[in-house]
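First up is the structure itself, then whatever we jot down about it.
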Amino acid sequence: MNEKFDTAVQELKYKVLKEVAISAFNDSLLEDYSEIPYKIVSGNVPTFRDSIDKERMIVLSRIKIALGGNKNIDNVVEVIKQACDECPLGGFEVTTRCRGCIAHRCQKVCPKDAIRFDTQTRAAIIDKDKCVNCGLCAKACPYFAIQNYERPCEMACKVKAISKGQDNAAYIDDNKCVHCGACVYQCPFGAIMDKSQIVEVINEIKNKTEKLYAIVAPSIKVQFKNGSVGQIVSAIKELGFDDVVEAALGADMVAYKEAKELEEKGVLTSSCCPTFVSLIEKRFPLLKEKVSTNLSPMATIAKFIKENEPNSKIVFIGPCVAKKAEIKRDEYKGIVDYVLTFEELNALIDARDIDATKLMETELSDASYFGRIFGRAGGLKDAVVQALKEQNSSFELKPLSVDGLENCKVALTKLRIGTNEFNFLEGMACSGGCIGGPCCLTHEVRDKVEMDKYGRESKKESISSAVKNKI
């Protein structure tokens with residue numbers, strides 16, 4: 001397997017995106033469409049499914065999603081039903097630990113009369129037609145003999161938006177989904193994929209009539225092994241982008257304005273992570289008034305660019321699936337035109353045979369240390385502390401930084417019941433912050449030291465100097 005990736009699923013996704021990109025650049029998508037599956041899945045022996053035809057059919061489904069997916073599905077992620085058939089249905093199962101005891105506590109607590117006992121072995125049996133997966137039997141068993149076997153996608157989804165559909169494939173409830181993308185990365189069969197705008201971006205590059213900007217997330221620092229940040233920026237320009245700007249500059253602008261808003265309102269939550277905002281809207285609606293009115297760093301710097309160059313086109317590049325949903329929000333429309341992930345950028349660079357390691361470095365020098373550390377958990381909190389200091393504020397800040405959806409839910413519950421433990425809540429859906437995003441090229445353990453090191457490379461001495469004449 002290619003050392004660029006954690007799993008063979010990521011490598012398969014990369015191969016599809018790369019082939020689609022090559023065909024799009026060559027204006028041969030229509031001709032190549034049905035041939036790409038045979039190029040990716042060559043030979044006559046299946047490698048990961050029960051037949052070679054099924055492997056090619058799944059690749060074809062991936063190509064469709066790489067081309068934008070089902071237009072009737074509004075969600076930015078889509079289930080590949082042909083690929084979603086290898087996992088057991090899941091739910092509560094009786095294991096071999098069952099001793100066939102005579103207490104029958106599991107049966108007594110079952111509200112649906114779904115448990116009976118085998119006459120020979122005396123072991124408990126769960127009737128799946130009656131079971132509602134309430135888990136009371138598992139809690140009651142003194143031997144811990146009943147276990148809940150969730151599908152990986154269901155286990156990854158911390159808002160319970162994924163369940164078994166009528167055809168036994170995964171079903172995503174859009175009313176619950178917060179677009180975190182955890183299911184995309186965690187599904188071991190690659191049966192869930194994020195929709196792509198890679199072809200639209202290629203068309204913008206080829207038919208450019210306006211200045212084309214790329215805005216890169218700070219977490220780019222810990223992504224690419226085949227080149228430094230400066231060389232990857234040069235590679236982006238080689239692709240045809242006219243300029244590359246740090247989203248971290250937008251982060252500086254957000255931090256500066258967020259400090260002022262916090263001082264005015266007294267209690268505030270961050271708005272930088274779109275999944276965190278969606279979590280509040282869908283699970284904690286009473287807290288919506290506490291959410292910062294600032295746009296995310298991505299949109300903040302994009303808005304600044306559009307105000308100065310109204311006819312420009314802007315592509316955000318980062319590790320996040322949720323950004324693809326964020327640009328659909330009413331308040332974001334017309335600001336950021338397209339979103340690509342680091343996975344998609346990697347495929348684009350390789351599709352054009354660009355060797356970043358042979359390129360001169362293009363320096364990014366827009367943002368401060370504090371803007372750049374937004375890529376890791378706690379970065380926004382540190383930036384707001386600094387912004388208050390630079391504004392000579394006497395506001396008594398009590399910040400809390402949480403990452404991971406479970407921790408976000410706990411913190412928001414405290415805020416909802418009226419805690420006085422904190423008055424500023426930074427919430428990031430991914431573990432470790434953006435450096436743990438679902439569309440990172442790899443998901444190695446990365447200490448925040450790497451992001452702090454990148455921050456210290458900045459030539460801006462303060463947030464104020466970075467945002468001067470910009471807000």
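Please treat every number below as a calculation from the coordinates, not as lab data. Model, not experiment: these values are computed from the prediction. With ideal geometry, Cβ positions are generated from the backbone for all residues, glycine too; neighbour counts draw on all protein chains shown.
Please order 443, 104, 179 by the number of other Cβ within 10 Å, starting at the fewest.
Result, fewest neighbours first: 104, 443, 179.
Got a sec? How would 172, 314, 417, 125 order by Cβ neighbour count within 10 Å, fewest to most?
By the 10 Å Cβ count, ascending, the order reads 417, 125, 172, 314.
Note down the nm distance, to one decimal, between modelled labels 7 Å out along Cα→Cβ at residue 308 and at residue 333.
2.7 nm
For a paramagnetic label modelled at 7 Å from the Cα of residue 7 toward its Cβ, which residues of the stretch 149-170 fall within the zone defined by backbone nitrogen distances under 17 Å?
150-158, 162-163, 170
Give me the one-decimal nm value for the distance between modelled label points at residue 176 and residue 45, 7 Å along each residue's Cα-to-Cβ direction.
Inter-label distance under the simple model: 4.2 nm.
Return the percentage of antiparallel bridges among DSSP beta bridges fully within the chain, rounded to the nearest 5 %.
Roughly 35 percent of the DSSP beta bridges within the chain come out antiparallel.
Using a 7 Å offset from Cα along Cα-Cβ at residue 459, what residues in the stretch 361-386 end up with backbone N under 15 Å from the label point?
Under cut-off, by backbone N: 361-369.
Return the Rg/Rh ratio of the stretch 262-410 with Cα-based radii and a Kirkwood Rh.
My calculation of the ratio gives 0.99.
May I have the extent of the alpha carbons of the stretch 355-428 along their three principal axes, as whole Å values ordered from largest to smallest?
Principal extents (largest minus smallest coordinate, Cα): 56, 35, 10 Å.
Hey, with R₀ at 56 Å, roughly what FRET efficiency would residue 452 and residue 119 work out to, going by the Cβ-Cβ distance, to 0.05?
0.30
When only alpha-carbon atoms count, how far does the chain stretch along each of its three principal axes, as whole angstroms with the largest first?
Dimensions of the chain along the principal axes of its Cα atoms: 80, 63, 37 Å.
When only alpha-carbon atoms count, how far does the stretch 200-467 stretch along each of its three principal axes, as whole angstroms with the largest first?
55, 38, 35
Which of 93, 406 has the fewest other C-beta atoms within 10 Å, and how do the rest follow up to the most? Working shown, then result.
Working: 93 16, 406 11.
Result, fewest neighbours first: 406, 93.
For residue 358, project a label point 7 Å along Cα to C-beta. Then give me every residue of the stretch 208-237 with its amide nitrogen under 14 Å of that point.
235
What are the radius of gyration and Dmax of the stretch 291-373, computed over its Cα atoms and given in Å?
Reported Rg and Dmax, both Å: 14.7, 45.
How large is the dipole of the stretch 200-467 about the Cα centre if only Lys and Arg carry +1 and Asp and Glu carry -1, each at its Cβ, rounded to the nearest 20 debye?
Computed charge dipole of the stretch 200-467: roughly 600 debye.
When N counts the residues of the stretch 192-325, how does its alpha-carbon radius of gyration compare numerically with 2.2 N^0.38 Å, as a ratio?
Relative to the rule-of-thumb radius for its length, the stretch 192-325 sits at 1.18.
Sort out for me the Cα centre separation of the stretch 308-358 from the stretch 111-133, rounded to whole Å.
Distance between centres, Cα-based: 51 Å.
Determine which lysines satisfy two conditions relative to residue 108: a Cα distance under 19 Å, and not lying fewer than 8 residues away in the same chain.
128, 130, 139
List the relative contact order of the chain as a percent without decimals, with contacts defined as Cα pairs under 8 Å and 6+ residues apart.
Working: 846 pairs, mean separation 81.4, N = 471.
Relative CO of the chain lands at 17 percent.
Rule-of-thumb check for the stretch 1-138: C-alpha Rg over 2.2 N^0.38 Å?
The reported ratio for this selection is 1.61.
Under a Cβ-only charge scheme (Lys and Arg +1, Asp and Glu -1), can you give me the dipole magnitude of the chain about the Cα centre, in debye to the nearest 20?
Value, rounded to 20: 1620 debye.
Quick check for me: using +1 on Lys/Arg Cβ and -1 on Asp/Glu Cβ, what's the dipole size of the stretch 72-198 about its Cα centre, in debye to the nearest 20?
The calculation lands at about 800 debye.
Please express the Cα-Cα pair-distance distribution P(r) of the stretch 91-149 as a list of whole percents, one per 10 Å bin, running from 0 to the bin with the greatest distance.
26, 63, 11
For the chain, build the charge dipole from Cβ charges (+1 Lys, Arg; -1 Asp, Glu) around the Cα centre, then report which of 455, 148, 166 sits farthest towards its positive end.
My answer, from the dipole projection, is 148.
Angle check, please: helix 379-390 long axis (alpha carbons) against the longest principal axis of the chain (alpha carbons), in degrees 0 to 90, nearest 10.
Result, in degrees: 40.
If one puts a single equal scatterer on every Cα of the stretch 343-471 and applies the Debye formula without solvent, what log₁₀ I(q)/I(0) results at q = 0.10, 0.14, 0.18 Å⁻¹?
Normalising to I(0) and taking log10 leaves -0.44, -0.81, -1.13.
Taking only DSSP H segments of four or more residues, each worth -39500 (n - 2.57), what value at 222 nm results for the chain once the sum is divided by all its residues, to the nearest 500 deg cm²/dmol? Please report the intermediate quantities before stating the final value.
On the way: 20 runs with 180 residues, N = 471.
That calculation yields -11000 deg cm²/dmol at 222 nm.
What's the FRET efficiency of residue 365 with residue 147 using the Cβ-Cβ distance as r and R₀ = 56 Å, to the nearest 0.05?
Plugging the Cβ-Cβ distance into 1/(1 + (r/R0)^6) gives 0.55.
What residue among 349, 287, 255 has its Cα farthest toward the positive end of the dipole of the stretch 200-467, where the charges are +1 on Lys, Arg and -1 on Asp, Glu, each on the Cβ?
Result: 287, furthest along the dipole toward the positive end.
Taking the convex hull of the Cα atoms, report for the stretch 1-67 its projected area averaged over all directions, in nm².
Averaging across all directions leaves 4.7 nm² for the Cα convex hull.
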